[in-house]
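Everything below concerns the one structure shown next.
The values are calculated or read from the model by the stated rules, or taken from the named source; none is laboratory data. Keep in mind that what you see is a predicted model, and the values were worked out from it rather than measured. In this analysis, Cβ positions are derived from the backbone assuming ideal geometry, glycine residues included, and neighbour counts consider all displayed protein chains.
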Amino acid sequence: MSEPTVCGKCKGEIKGKTLTALGKSWHPEHFVCLVCEKPITAVTFNERDGNPVCSDCFAKKYSEQCHKCHKAIVGKVVKAMGKTWHEDHFVCAGPCKKPMAAVPFFERDGKPFCKADFEKLFAAKCKGCEEPITEKTIIALNSNWHQDCFVCNRCKKPVEGDTFAVENNMPVCNSCI
């Protein structure tokens, strides 16, 4: 004689219809959500500690919340800056608004920025060309300069050496003085 089939919820013997799920047998009326205790009727459901959980309760109780929309994250989760995000909500805080789930980013004031927008918004600007400076910089005349932009105001050749003259707040090489 075989052992009786036992219900995964009430632990009582099952003598009639049997529902099998999560590696257990259940009285059909006992296959209910662990949280709200409503019958699980959907084809898809979730599991918590070996018990069924309906999709709504799982999203509300066990899913992480998106930092941007504050809704449950059921699909892919992005973890960045100590927060969780829907994949399509983790975007550059700058003008481009590009998705950044799989790319390096810069953080400023708790917000993520792509490299291009970060440089455009926050990097020091060159006095010669007004573009962001991302490499070595020359600091002269109370301004930042790209090495290639620090040129003589007259002959337009690079200013070399430690000394130069100043004309209209612009550098002038020793050859042009």
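Only one of these is more than 30 Å from Asn46 (Cβ to Cβ), surrounded by 12 or more Cβ atoms within 10 Å (Cβ to Cβ), over 37 Å from the mean Cα position of the chain (by Cα) and modelled with pLDDT under 90: Cys155, Cys176. Name it. Exactly one of Cys155, Cys176 is more than 30 Å from Asn46 (Cβ to Cβ), surrounded by 12 or more Cβ atoms within 10 Å (Cβ to Cβ), over 37 Å from the mean Cα position of the chain (by Cα) and modelled with pLDDT under 90, namely Cys176.
In this structure, is Ile138 aliphatic (A, V, I, L, M) and either under 16 Å from the mean Cα position of the chain (by Cα) or closer than 30 Å to Ala59 by Cβ (or both)? Reasoning before the result, please.
Details: aliphatic (A, V, I, L, M): yes; either under 16 Å from the mean Cα position of the chain (by Cα) or closer than 30 Å to Ala59 by Cβ (or both): no.
The answer is no for Ile138.
Cys69 falls short on exactly one of the conditions (1) surrounded by fewer than 16 Cβ atoms within 10 Å (Cβ to Cβ); (2) free of Cβ contacts under 8 Å to residues at least 12 places away in the same chain; (3) within 30 Å of Arg108 (Cβ to Cβ), and that condition is (2).
In the set (1) closer than 30 Å to Leu34 by Cα; (2) modelled with pLDDT of 90 or more; (3) of a type in the set (Asp, Glu), the condition left unmet by Glu64 is number (2). Residues of region 47-90 being acidic (Asp, Glu), farther than 24 Å from Cys114 by Cβ and not in a loop (DSSP other than H, G, I, E, B), which ones? Hits for region 47-90 are Glu47, Asp56. Just one of the numbered conditions (1) of a type in the set (A, V, I, L, M, F, W, C); (2) farther than 30 Å from Thr84 by Cα; (3) surrounded by fewer than 16 Cβ atoms within 10 Å (Cβ to Cβ) is not true of Phe122: (2).
Residue check: is Thr134 within 22 Å of Cys96 (Cβ to Cβ), loosely packed, with under 14 Cβ neighbours inside 10 Å and either assigned by TED's automatic domain parsing to the domain that holds Cys96 or in contact with a helix residue (DSSP H, G or I) (Cβ under 9 Å, 6 or more places away or on another chain) (or both)? The answer is yes for Thr134.
So which strands (runs of 3 or more DSSP E) stay within region 100-173 end to end and still have 2 or more residues that are farther than 30 Å from Val77 by Cα and touching a Ser or Thr at 6+ places or on another chain (Cβ under 9 Å)? Spell out how you get there, then give the answer.
On the way: elements: 106-108, 111-113, 138-140, 143-145, 165-167, 170-172.
In region 100-173, 143-145 are the strands (runs of 3 or more DSSP E) which contain 2 or more residues that are farther than 30 Å from Val77 by Cα and touching a Ser or Thr at 6+ places or on another chain (Cβ under 9 Å).
The residue pairs whose first member lies in region 23-46 and is part of a loop (DSSP other than H, G, I, E, B), whose second member is of a type in the set (D, E, K, R) and surrounded by fewer than 17 Cβ atoms within 10 Å (Cβ to Cβ), and whose beta carbons are closer than 7 Å, counting only pairs six or more residues apart or on different chains, are Leu34/Arg48; Val35/Lys61.
If you go through region 40-51 and keep only what is under 20 Å from Val6 (Cβ atoms) and either modelled with pLDDT of 95 or more or among the aliphatic types (A, V, I, L, M) (or both), you end up with just Ile40. Among residues of region 136-164 that are farther than 18 Å from Ser175 by Cβ, those with a Cβ under 8 angstrom from a residue that is surrounded by 14 or more Cβ atoms within 10 Å (Cβ to Cβ) and of a type in the set (Gly, Ala, Ser), sequence gap 6+ or separate chain, pair up as Thr137/Ala124; Asn144/Ala124; Trp145/Gly128; His146/Gly128; Cys149/Gly128. When every residue of region 64-76 is checked against the conditions, none turns out to be touching a His at 6+ places or on another chain (Cβ under 8 Å) and closer than 30 Å to Pro171 by Cβ.
Taken over region 37-61, residues that are surrounded by 13 or more Cβ atoms within 10 Å (Cβ to Cβ) and farther than 18 Å from Thr20 by Cβ amount to 9.
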